[in-house]
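A short reminder: the numbers here are calculations on the coordinates, not readings from a lab. Because the structure is predicted, anything quoted here is derived from the model rather than measured. Every residue, glycine as well, gets a Cβ built from its backbone with ideal geometry; the counts of neighbours run over all protein chains shown.
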Amino acid sequence: MKNTYLLFLFFLITAGASAQTGRIKGTVAADREPTAFASIGLAGTAIGTASEADGSFELKEVPAGSYKLQVRAVGFAPYETTVTIASGETVKVAVQLRPQAARLREVVVSGTMRETFSLESPVPVEVYTSKYFQKNPTPALFEALAQVNGVQPQINCNVCGTGDIHINGMEGAYTMVLIDGMPMVSALATVYGLSGIPNSMIERVEVVKGPASTLYGSEAMAGLINVITKSPAKAPLASADIFYTSHGELNTDLAVSHRWKKVSSLLSTNYYRFQKQRDVNHDNFTDVPLQHRISVFNKWAFQRQENRLATVAARYYYEDRFGGELQWSPAFRGGDSIYGESVYTRRYELLGAYQLPVPEHLVLSYSFNNHNQNAAYGETLYKGRQSVLFGQLVWDKELNPRHHLVAGATYRHTYYDDNTPATEQQEQGRLQNRPAITRLPGIFVQDELKLSAATTMLAGLRYDYNSEHGSILTPRLNLKWAPNDDHIFRVSLGKGYRVVNLFTEDHAALTGAREVVIKNELKPEESYNATLNYQHYLNLPQGYLNLEGSAFYTYFTNKIVADFLSNNYQIIYDNLSGHAVSRGVALNAEMAFTAPLRVHAGVTLQEVYQVQQPEGQAHQRVPQLHAPAFSGTFTASYTLQQLGLVLDYTGTFSSPMHLPVQENDYRPDKSPWFTLQHLQLTKSIGSRMELYGGVKNLFNFMPQHPLMRPFDPFDKQVEINNPNNYSFDTEYNYAPLQGRRTFFGLRYTLAEVKK
C-alpha cells in the first residue's frame with residue numbers, strides 16, 4: 001500500500017504544478033435534439049469528457065488561458081471553437097453539430113506523424129472508429145479488419161488458426177501494425193499478437209495503404225495500421241461489452257476510467273474463451289482452434305503546464321491456444337503419436353509520449369515489449385523470445401502558416417532468440433545457439449509546403465543504419481491538389497523496405513511436417529510504389545455521396561520467396577531472382593440519406609505476381625498466393641428511431657485466389673467465389689444500455705479440403721498406398737473454418753456524472 005501511495009504521488013508531481021483554474025460548461029445538440037456521448041476536449045491537453053444523455057457537459061479545473069474546444073460525435077461533422085477562460089470564471093458554450101457521416105474532417109496522425117484533418121492531409125488516410133467495428137462484433141482487431149476494403153485478414157494455418165493482414169494483396173509481413181504510433185506488433189508478435197488487440201482499447205484505426213517506411217522504417221511496405229487507443233480524459237467512467245455465440249465463444253470487454261485534478265486513467269480488460277471442439281468436416285481435427293486469452297490495458301494521461309503532452313500505458317497479454325486431433329491432451333504435447341499444435345503466448349508492453357519542457361515542440365515517444373512464445377507443432381518444439389526497445393524524438397515546427405517541418409531521430413534495439421536454425425551458427429565444427437541482436441538507428445525529415453490555396457507538397461527522406469545490412473535510404477513525395485472541399489487529388493511516390501525475420505513472421509516455416517531450406521543468404525526486401533487517389537464529395541437532395549478511388553502500383557526489386565511447390569516435403573526460401581509486382585485499383589463509396597439509411601461499400605481489383613529469372617532459363621510469371629483478383633466489403637445500417645432499433649448488414653466477398661498445393665494435388669489450386677455475410681439487430685434501452693444479437697456467416701460457407709492426409713499427420717505412412725507422394729499439409733486455406741452461428745450481447749456505458 002505504501003508503494004502504491006508513493007507511485008501515485010510521483011504521478012502527481014510529474015504532472016506539473018497547479019495553476020489558477022476555471023470551468024467550461026455547455027450543451028451539445030443537433031437539430032434541436034441533445035447529443036449524448038459526444039467527445040469533448042481541449043486540443044493539446046488531457047482535459048476532456050463526454051456529454052450526458054441530455055447533451056450537457058462540464059470541464060473542471062481548466063487552467064486560465066485560451067484553448068481550442070473540440071467536439072466530435074459519430075455521424076456529425078467535428079466542431080471546433082476558441083474559448084478563453086480566466087481564473088475563477090465559468091464559460092458557457094452551446095454547441096450545435098452538423099450531421100455529416102463522411103470522414104473527410106476526421107483528425108489523423110498516421111500519414112504525416114502530426115495531427116491534421118484528413119481533408120488537409122497530402123497522404124490519404126482511412127479512418128475507422130470503434131463504432132464502425134461494432135456493426136459486426138468480433139473478439140479482436142484481426143477479425144474486425146475484414147470490413148476494411150483492400151485489407152484481408154488471412155488465416156495461414158488450418159490447425160492453430162494463425163493469421164496475418166494483407167494490404168493490396170501483399171503478405172502480412174509487409175504490413176506494419178502500430179499502437180499509438182509505436183511499432184508494438186512486429187516480427188514474432190505478428191504470428192499471434194494480432195489476436196491480442198481487443199476492441200475495448202480502440203478509439204479509432206487509421207489505415208495508410210502504400211509504403212510508409214520514410215516515417216516508420218522497416219516493415220511498412222504494403223502499408224500501416226495505426227491503432228489509436230482511447231483517451232483516459234474522454235473515456236466513459238465505466239463500459240462493458242459482452243457477447244456469446246452459439247458455438248460457445250465468450251468475449252468480455254470491461255473498462256473503467258477516473259479523472260483526478262491533474263491525472264486521468266483508463267483501465268480496460270478483455271477476456272476471450274472458446275473451448276468447444278468442433279469437427280464439422282469430420283477429419284478428426286478441430287475446425288477452429290481452442291483459445292483462452294486475457295489482455296489488460298492501463299493508460300495514464302497527465303495535465304502539465306502549457307498543456308504539454310504526457311501519457312504512459314502498459315499492457316499484458318496471455319493466450320493458451322490449441323488445434324489438432326480431437327483425442328489430443330496436454331500429455332501428448334511435443335510427441336509423435338497424436339498431433340496437436342499447442343501455443344502459449346505471454347507478452348508485456350510499455351509505451352508512452354512526453355513533450356519536452358522547451359519552447360520548441362519536441363515529443364519523445366518510447367515503447368518496450370517482451371514477447372515469449374512456447375509452442376509445439378506436432379513433434380516440432382518452438383521456443384522464442386523477443387524484446388524490442390524503441391525510442392523516437394520528433395520535432396514539429398510550423399515555420400509559417402504555409403510551411404511545416406517534421407524531423408526526428410529513432411532507435412530500435414531488437415533481441416531475438418529461439419531454438420530454430422535462425423539463431424544457430426557454426427563454430428569450431430559445432431552448431432551453437434547465438435541470439436540475434438539488431439540495432440537500427442535512423443533519422444528522418446519531412447517538409448510540407450502549401451504551394452497555393454489548392455496545392456500542397458510533402459517531401460521526406462529517411463536514413464537507417466541496420467547493424468546487419470548497413471545503410472538504407474527511403475524517400476517519399478506526396479502532392480495534393482484540392483480546388484475545393486468536394487474534389488481532392490493526391491499523388492504518392494515512395495520507397496519501402498523490410499529487414500527479414502524469417503522464422504518470427506512466417507508460420508509456415510514451423511507448422512506441418514515440411515523441412516525448412518534456406519537456399520542463399522537472405523537480403524533486405526525493397527519496393528517502390530506509386531499511388532493516385534481521388535476523393536469526391538457530392539451533396540444529394542436527400543443526403544450525400546462520398547466517393548474515393550485509388551490506383552496503385554508497387555514494384556519489388558528484392559523479395560523473399562517461399563517455394564511450396566518444388567518439393568512436397570520442403571519449404572525453400574530464397575531471394576527472388578527477378579522482380580515482383582502488386583497493382584490494381586480500389587473504389588470506396590459512402591452514402592447517407594435523410595431517411596435513416598447509411599451504406600458503405602468498397603471493391604478492390606488487383607494483380608499480384610512474381611517474375612522469376614533463373615540463369616539460363618526463360619522468365620517465369622508466378623501468381624501470388626492468397627491474393628484474390630477481386631474482393632469487396634459492404635456495410636448497410638438502417639435505424640428505426642421510434643423503436644430504438646438499428647439493423648446492420650455487413651459482408652465481404654472474394655473471387656478465386658491461388659492456393660498452396662502439392663504436386664498432382666487433388667485439391668483445386670484456386671478457391672471458389674465466396675462471400676461471408678452477417679446480420680445484427682441492436683436495441684437501445686435508455687441512454688446507457690444496448691442489447692444486440694444476430695447471425696454470422698448467414699450462408700454457412702466453409703472451405704473444402706482444408707487438410708492433406710489428416711489421418712497421417714506425422715507422415716509415418718507416406719510410402720503406403722500413396723502413389724502421388726502426398727504429405728500432411730496445413731497451409732491450404734482461404735476462409736475461416738467456422739460456419740453459421742448466432743450471437744447475443746450487451747453493451748453498457750456510464751458517462752461522467754456532473755455535480
task = Sort 224-233, 642-651, 707-716 for me by packing, meaning the mean count of neighbouring Cβ atoms within 10 Å per residue, highest on top.
result = 224-233, 707-716, 642-651
key: From phi via Karplus (6.51, -1.76, 1.60), per-residue ³J(HN,Hα) for segment 685-697 in Hz, x at Gly/Pro   = 10, x, 9, 10, 10, 10, 10, 9, x, x, 10, 9, 6
key: Pairwise FRET efficiency - Y465 versus Q620, Cβ, R0 = 30 Å, nearest 0.05   = 0.25
request  = Using only Cα atoms, tell me the angle between helix 2-14 and the longest principal axis of the chain; keep it within 0 to 90° and round to the nearest 10.
outcome  = 60
Gain on full stretching of the segment that runs from K68 to A238 - 0.36 nm per residue minus C-alpha separation = 58.5 nm
message = In whole Hz and in residue order, list the ³J(HN,Hα) couplings for segment 631-640 that follow from phi through the Karplus curve 6.51 cos²θ - 1.76 cosθ + 1.60, θ = phi - 60°; x for Gly and Pro.
response = 8, x, 9, 8, 9, 10, 10, 10, 10, 9
message = Cut-off is 10 Å between beta-carbons; in what order do M689, M657 appear when sorted fewest neighbours first?
response = M689, M657
remark   = The residues S527, S550, sorted from fewest to most surrounding Cβ atoms within 10 Å, come out as S550, S527
message = Starting from the 7 Å offset along Cα-to-Cβ, what nm value, one decimal, do you get for the label separation of F653 and T557?
response = 4.1
remark   = Under the Karplus relation with 6.51, -1.76 and 1.60 and θ = phi - 60°, whole-Hz ³J(HN,Hα) for segment 290-307, x at Gly and Pro, equal 6, 9, 9, 9, 9, 9, 10, 10, 9, 10, 10, 10, 10, 8, 10, 4, 6, 6
message = Give me H579, H600 sorted ascending by neighbouring Cβ count inside 10 Å, so fewest comes first.
response = H579, H600
Spin-label pair R346/L645, simplified geometry with 7 Å Cα→Cβ offset, distance in nm = 4.9
inquiry  = Suppose R0 equals 56 Å. What FRET efficiency, 1/(1 + (r/R0)^6) with r the Cβ-Cβ distance, do S56 and Q717 give to the nearest 0.05?
reply    = 0.15
message = For L237, what residues show an amide H to amide H distance below 5 Å, using hydrogens built from the backbone and excluding near sequence neighbours?
response = L750, A751, E752
query = What longest region of the chain stays clear of GluC sites (Glu not before Pro) that DSSP places outside H, G, I, E and B and that have at most 10 other Cβ atoms within 10 Å?
reply = 1-359
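Would you mind getting me the FRET efficiency between T129 and L698? Use the beta-carbon distance for r and R0 = 35 Å, nearest 0.05.
So, using R0 = 35 Å, E works out to roughly 0.90.
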key: Residue-span extension gain [Y316 to D486] - 0.36 nm each, minus C-alpha spacing   = 56.8 nm
